[in-house]
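Just so it is clear, none of the values below were taken in a lab; they were calculated from the coordinates. The structure displayed is predicted, hence computed values, not measured ones. Please note: Cβ atoms are built from the backbone with ideal geometry, for glycine as well, and neighbour counts cover all protein chains shown.
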Amino acid sequence: MVVGDPDKMAQQIIHRVDQGEGPKRMALGSDAYEQILAALLDKLAALESQKELAYSTDSDDVVKQF
């Protein structure tokens, strides 16, 4: 099932171009938003699982803040 409305998406793309400034990427459609969010949360969890390892490789004279 397609939830995005191509006309609404086109309007947002044109609006973004007319503004000249804004985000480099746009999530157009709730399905795109949810998929992007899930992917980013997975990447964040993978990064957070490496926090202890990352900090353990700092120089001994660096003050660690967990």
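Using +1 on the beta carbon of Lys and Arg, -1 on that of Asp and Glu, and nothing else charged, what's the dipole of the chain about the Cα centre, debye to 20?
With Lys and Arg at +1 and Asp and Glu at -1, about 180 debye.
Lys pairs in the chain, Cα-Cα under 29 Å, at least 8 apart or on separate chains: how many?
Within the chain, the lysine pair count is 6.
Which angle from 0 to 90°, rounded to the nearest 10, does the C-alpha axis of helix 6-19 make with the longest principal axis of the chain?
70 degrees
Taking loop as defined by DSSP and a crowding limit of 15 other beta carbons within 10 Å, which trypsin sites (Lys or Arg not before Pro) in the range 21-50 fit?
Taking the range 21-50 and a limit of 15 other Cβ atoms within 10 Å, the loop trypsin sites (Lys or Arg not before Pro) found are Lys24, Arg25.
Could you tell me which of Ala38, Ser56, Ala27 has its Cα farthest along the dipole of the chain towards the positive end, charges placed at Cβ (Lys, Arg +1; Asp, Glu -1), taken about the Cα centre?
The Cα lying farthest towards the positive end belongs to Ala27.
Would you kindly compute the Cα radius of gyration of the range 3-66 and its largest Cα-Cα separation (Dmax), both in Å?
When restricted to the Cα atoms of the range 3-66, Rg and Dmax are 19.4, 57 Å.
Considering only DSSP states other than H, G, I, E and B, which GluC sites (Glu not before Pro) in the chain qualify as loop sites with at most 14 other Cβ atoms within 10 Å?
Within the chain, the qualifying GluC sites (Glu not before Pro) (loop, at most 14 other Cβ atoms within 10 Å) are Glu21.
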